[in-house]
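Trainee: Could you have a look at this structure, given as structure tokens, before my questions?
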Amino acid sequence: MLLPAHSHRDSDFDEPLVWALEHRFASIEADVWFVDGDLRIGHERGDVRSDRTLEKIYLDPLFRAAREGRIAGTITLLVDIKNAPEQSYRTLCRQLEPHRGLLTRLESGVKVPGLIRVLLSGDRPIELVAQDANRLVFLDGRLPDIGSDVRLFPTVSLDWQKLFAWTGEGTMPPDVERRVRHLVGQTHAAGQTLRFWATREDSQMWAALLDLGVDLVNGDDVVAMTEFLNAMRAR
């Protein structure tokens, strides 16, 4: 069973993907830049290196794990596009095509489940993706995308600090709780899942969000998040 965890800024690690895959995270984020015809990982443009490509660091190991039976449920790879959205999308689709049978995908407008689901975030080429009735990737939604076609926007991710002044100190205020519940209700009614980023990273915040029905907790401290979720599951 996968942990309801999202490894945010996973590509910053010395060994991206390794922790999240070994500890069965449900969702992993890779920041990519389109450089010299390929997708290189890195949060900032200065972080990219020619030997750290999306295909080498993420795609090849993920699909190998899927073929070897080391994935327990559908894992989401969230690809955060930093530049050149159309070129990035076309390059990604070309790299995913050999693995079509392992992907959650759309075939003639019908969703086909797979072991790996790829979502686009960041600079999303929305119109280009929407035109493809046989797509291999989906889009991570924002606030205006709540209630949109779940075949295009199966997930919604929101910046906590843009929505709430409360940073996580003490008990969650009633108005914050009400709005979180409302957002959970809206997304779930549409068949979408909900995640917040830029939240406080501690067990109190993660527990509060999960108790309110948020689908994934978000974190850069993957060790603390893993320990919290395993302890919660054991209870």
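Trainee: When the Cα centres of the range 181-235 and the range 52-90 are compared, how far apart do they sit, in Å?
Mentor: 23 Å
Trainee: So for the range 131-186, Kirkwood radius off the Cα pairs, Stokes-Einstein at 4 °C and 1.567 mPa s: how many µm² s⁻¹?
Mentor: Working: Rh = 13.2 Å.
For the chosen part, D equals 98 µm²/s.
Trainee: For a Förster distance of 25 Å, can you work out the FRET efficiency between the beta-carbons of Arg181 and Arg235, rounded to the nearest 0.05? Walk me through the intermediate numbers first.
Mentor: Details: r = 23 Å, r/R0 = 0.92.
Rounded to the nearest 0.05, the efficiency is 0.60.
Trainee: Still on this model: So, with +1 on the Cβ of K and R and -1 on the Cβ of D and E, and no other charges, what is the size of the charge dipole of the range 64-182 about its Cα centre, to the nearest 20 debye? Intermediate values should be presented prior to the final figure.
Mentor: Details: 18 positive and 15 negative charges, 86 e Å.
In total the dipole reaches around 420 debye.
Trainee: P(r) of the range 1-92 in 10 Å steps, Cα pairs, percent per bin?
Mentor: 17, 51, 28, 4
Trainee: Take the Cα radius of gyration of the range 182-235 and divide it by 2.2 N^0.38 Å, with N its residue count; two decimals is plenty. List each step's numbers first, then the result.
Mentor: Values: Rg = 11.6 Å, N = 54, 2.2 N^0.38 = 10.0 Å.
Taking N as the residue count of the range 182-235, the ratio is 1.16.
Trainee: Report, to two decimal places, the Cα Rg of the chain normalised by 2.2 N^0.38 Å (N = number of residues).
Mentor: Numbers: Rg = 17.2 Å, N = 235, 2.2 N^0.38 = 17.5 Å.
Relative to the rule-of-thumb radius for its length, the chain sits at 0.98.
Trainee: Could I ask something else about it? Write down the percent of antiparallel bridges among all DSSP beta bridges whose residues are both part of the range 92-226, to the nearest 5.
Mentor: Details: 3 of 14 bridges.
Rounded to the nearest five, the antiparallel share is 20 percent.
Trainee: Full-extension gain between Glu97 and Val18, please, as 0.36 nm times their residue separation minus the C-alpha to C-alpha distance.
Mentor: Numbers: separation 79, 0.36 × 79 = 28.44 nm, distance 2.34 nm.
That works out to 26.1 nm of additional length.
Trainee: In addition: Please figure out what share of the DSSP beta bridges in the chain is antiparallel and state it in percent, rounded to the nearest 5.
Mentor: On the way: 8 of 38 bridges.
Looking only at bridges with both residues in the chain, the antiparallel portion is about 20 percent.
Trainee: Using the beta-carbon distance between Asp123 and Ala224 and R0 = 41 Å, what value does 1/(1 + (r/R0)^6) give for FRET efficiency, to the nearest 0.05? Don't skip to the answer; put the middle values down first.
Mentor: Numbers: r = 30 Å, r/R0 = 0.73.
The pair Asp123/Ala224 has a calculated efficiency of 0.85.
Trainee: Roughly how many debye, to the nearest 20, is the charge dipole of the chain about its Cα centre, given +1 on each Lys and Arg Cβ, -1 on each Asp and Glu Cβ, and no other charges? Kindly include the intermediate steps, with their values, before the conclusion.
Mentor: Details: 29 positive and 36 negative charges, 160 e Å.
With only Lys, Arg, Asp and Glu charged at Cβ, the dipole is about 760 debye.
Trainee: Please give, to one decimal in nm, the separation of the simple spin-label points placed at Ala198 and Arg142, each 7 Å out from Cα toward the Cβ.
Mentor: 1.1 nm
Trainee: Among Ala165, Gly69, Ala20, which residue has its Cα positioned farthest towards the positive end of the charge dipole of the chain, with +1 placed on the Cβ of Lys and Arg, -1 on the Cβ of Asp and Glu, and the dipole taken about the Cα centre?
Mentor: Gly69
Trainee: Which listed residue (Gly101, Ile126, Leu115) has the Cα farthest towards the positive end of the charge dipole for the range 97-142, taking +1 on Lys and Arg C-beta and -1 on Asp and Glu C-beta about the Cα centre?
Mentor: Comparing the listed Cα positions along the dipole, Leu115 ranks first.
Trainee: To the nearest 20 debye, what charge dipole does the range 134-235 have about its Cα centre, counting +1 at the Cβ of each Lys and Arg and -1 at the Cβ of each Asp and Glu? Show your work: numbers first, answer last.
Mentor: Details: 11 positive and 14 negative charges, 76 e Å.
Computed charge dipole of the range 134-235: roughly 360 debye.
Trainee: Say R0 is 25 Å: what FRET efficiency, to the nearest 0.05, do Asn134 and Glu86 get from their beta-carbon distance? Could the numbers behind the result be given before it?
Mentor: On the way: r = 18 Å, r/R0 = 0.70.
After rounding to 0.05, the efficiency reads 0.90.
Trainee: Also: Compute for the range 36-169: radius of gyration divided by Kirkwood radius, i.e. Rg/Rh, restricted to C-alpha atoms, rounded to two decimals. Intermediate values should be presented prior to the final figure.
Mentor: Numbers: Rg = 15.7 Å, Rh = 16.0 Å.
Ratio value, two decimals: 0.98.
Trainee: Can you give the helix-only mean residue ellipticity at 222 nm for the chain, where every DSSP H stretch with n ≥ 4 adds -39500 (n - 2.57) and the sum goes over all residues, rounded to the nearest 500 deg cm²/dmol?
Mentor: Helix contribution divided over all residues of the chain: -8500 deg cm²/dmol.
Every number here is computed from the coordinates shown, using simple stated rules; none is lab data. In this text, all values refer to a predicted model and were calculated from it rather than measured experimentally. All Cβ positions, glycine included, derive from the backbone under ideal geometry; neighbour counts span all protein chains shown.
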